[in-house]
Amino acid sequence: MDINLIISNILSAPVLFFFLGMLAVWVKSDLEIPNALSKFFSLYLLLDIGFHGGYELYHNGFSWNIVAILTVCFLMASIIPLYSFFILKRKFDTANAAAIAATFGSISAVTFITTIAFLESAKITYGGYMVAGMALMESPAIIVGVILFQLFKNKENNLDKAGKNQSYRRPKWGKILNDAFFNGSVLLLVGALLIGLITGDTGWKAFKPFDAIFKGILTFYLLDNGIVAARRLKSLKNSAGFLIGFGILMPLFNALIAIVLANHLLGLGEGDALLFTVLTASASYIAVPAAMRLAVPESNPAFTVPVSLGIVFPFNIIVGIPLYFYLIHIL
Amino acid sequence: MNFEPRKKVEIIVEAVKLDTLIYQLEEIGVPGFTVVGNISGKGANGVLDHNCKAKVFENTYLFTVCTEAQAQQVLEYVEEILQYFSGACFVSDVAALVPQKATP
């Protein structure tokens, strides 16, 4: 394997700042990014990536091939939680297995955005429609996770036995679907994509100065993510060994499936194949844990967030991206 | 000055549950409530850190001043929530100032 690829990725500014954030927690520094600023960075990154994707779509157009790719994206996001659930069920109760499985079925937008920065540094092109793929992959896992919980939940539950609180415990599908498909991230991403598509060259020309600071904002955001990831990692106490193993092996397994699909079924170029692979290998640490906490209150976010933010996210941005890129060329 | 006896219900609850709590308060018909978001602290469920990106580790403080009957309904609902979500609830007797309406 080309070790230079991993080294150059680790030595890129965004990843180094991620390490700096982690270091800040380990040495008990008071370094902190204000909460509102951190939220602004994430909104900026989603808006920028969505707008850019829409602009690319404006130039390259839509085809049946793109529809097929987006369908596979949607299917992968629905299938990953299924097999993840049965593996997790060996160690966790139904609620936590469903919540962690949903986390793995969904995606991490920042991992996707870091991959775009990796591709742009290597001057590798990618299709704007992959942004639509990302938006499509955010939500199905929530629905699958809730269905899995409902199907497998323990019928012996004391509250059920007593016949109390049934209405409280029944899933509120309207709220779940609304959270899944209209949460802020998905709405902004899809909205920016459509606006980029509608405004075309004129819109992009006006937006370009805003896009020029993309890498700087990403770097700042990863510094903040490093701080938060290190804090969450410290809270990973129960089942830490299993979750660390699962948090590394499951993304690798998902990535291998994605690479085979990208190379042998979809015929994607190397840029799109890498983005598709990273989407399937990443795990959500914002939208899905919150949605699953509401839909399945018995699940414990002390499992979902540390594994997705403290293990899967660092693994993907440090080792995963260059490793998947290498595997795309040999498989 | 004119005071009326009221119940003050103070609720600390996970931020993800705030929307449904507010919906329920409006259904009960409390005259109003105040929300303080993004709070940190430590309770039986460990440290809650408002700086984590995931909303699941964020707490919210809400208080409402209402009649005894309304407070009873609020407490019943909050008791139900706190079976699954971390948080706390306190109730106290307060005197609410009823301002004299200005005459034109």
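The values are calculated or read from the model by the stated rules, or taken from the named source; none is laboratory data. Quick caveat: nothing in here was measured; it's all calculated off a predicted structure. As a convention, Cβ positions derive from the backbone with ideal geometry for all residues, glycine included, and neighbour counts pool all protein chains shown.
Brief remarks follow.
- Close contacts from region A:105-131, counting a first residue that is closer than 18 Å to A:LEU252 by Cβ and at pLDDT below 90 and a second that is among the aromatic types (Phe, Trp, Tyr) and part of a helix (DSSP H, G or I), with Cβ to Cβ under 7 Å and a gap of 6+ residues or different chains, come to none at all.
- The numbered conditions (1) assigned to a helix (DSSP H, G or I); (2) within 24 Å of A:LEU294 (Cβ to Cβ) are all true for A:PHE92 except (1).
- Residue check for A:LEU223: touching a residue at least 12 places away in the same chain (Cβ under 8 Å), in a helix (DSSP H, G or I), closer than 28 Å to A:ASN35 by Cα and not small (Gly, Ala, Ser): yes
- Residue satisfying all of: in region A:48-71; hydrophobic (A, V, I, L, M, F, W, C) and in contact with a helix residue (DSSP H, G or I) (Cβ under 8 Å, 6 or more places away or on another chain); nearest to A:LYS205 (Cα to Cα) among these: A:PHE51
- Hey, A:LYS155 more than 14 Å from every other protein chain (Cβ to nearest Cβ), in a helix (DSSP H, G or I) and at pLDDT below 90 or not: no
- First in region A:309-331 and in contact (Cβ under 8 Å) with a residue 60 or more places away in the chain, second anywhere and assigned to a loop (DSSP other than H, G, I, E, B) and crowded, with 23+ Cβ neighbours inside 10 Å, Cβ under 7 Å, 6 or more apart: A:LEU309/A:TYR285; A:VAL312/A:SER282; A:VAL312/A:ALA283; A:PHE313/A:SER108; A:PHE313/A:TYR285; A:ASN316/A:SER282
- Every residue from region A:53-64 that is touching a residue at least 60 places away in the same chain (Cβ under 8 Å) and of a type in the set (S, T, N, Q): A:ASN60
- Within region A:79-96, not a single residue is surrounded by 15 or more Cβ atoms within 10 Å (Cβ to Cβ), under 24 Å from A:LEU327 (Cα atoms) and in contact with a Pro (Cβ under 7 Å, 6 or more places away or on another chain).
- Screening region B:28-82 for residues that are of a type in the set (Gly, Ala, Ser) and more than 12 Å from the chain's Cα centre (by Cα) and picking the one that is modelled with the lowest pLDDT gives B:GLY46.
- Check on A:ALA99, farther than 25 Å from A:HIS329 by Cα and within 14 Å of chain B (Cβ to nearest Cβ): yes
- Residue within region A:294-302 that is of a type in the set (D, E, K, R), buried (at least 24 other Cβ atoms within 10 Å of the Cβ) and under 27 Å from A:TRP173 (Cα atoms) present: no
- Residue that is farthest from the other protein chains (Cβ to nearest Cβ) [pool: residues in region A:280-300 that are closer than 15 Å to A:GLY247 by Cα and among the hydrophobic types (A, V, I, L, M, F, W, C)]: A:ALA281
- Qualifying residue in region A:25-33 (condition: in a helix (DSSP H, G or I) and in contact (Cβ under 8 Å) with a residue 12 or more places away in the chain): yes
- Qualifying residue in region A:231-253 (condition: away from chain B (no Cβ under 14 Å), surrounded by fewer than 20 Cβ atoms within 10 Å (Cβ to Cβ) and either of a type in the set (Lys, Arg) or not in a helix (DSSP H, G or I) (or both)): yes
- Filtered residues of region B:1-42 (kept if touching a Lys or Arg at 6+ places or on another chain (Cβ under 9 Å), buried (at least 16 other Cβ atoms within 10 Å of the Cβ) and either of a type in the set (Asp, Glu) or more than 12 Å from chain A (Cβ to nearest Cβ) (or both)): B:GLU14
- Of all residues in region A:35-71, those satisfying the criterion of being among the aromatic types (Phe, Trp, Tyr), away from chain B (no Cβ under 14 Å) and in a helix (DSSP H, G or I) are A:TYR44, A:PHE51, A:TYR55, A:TYR58, A:TRP64.
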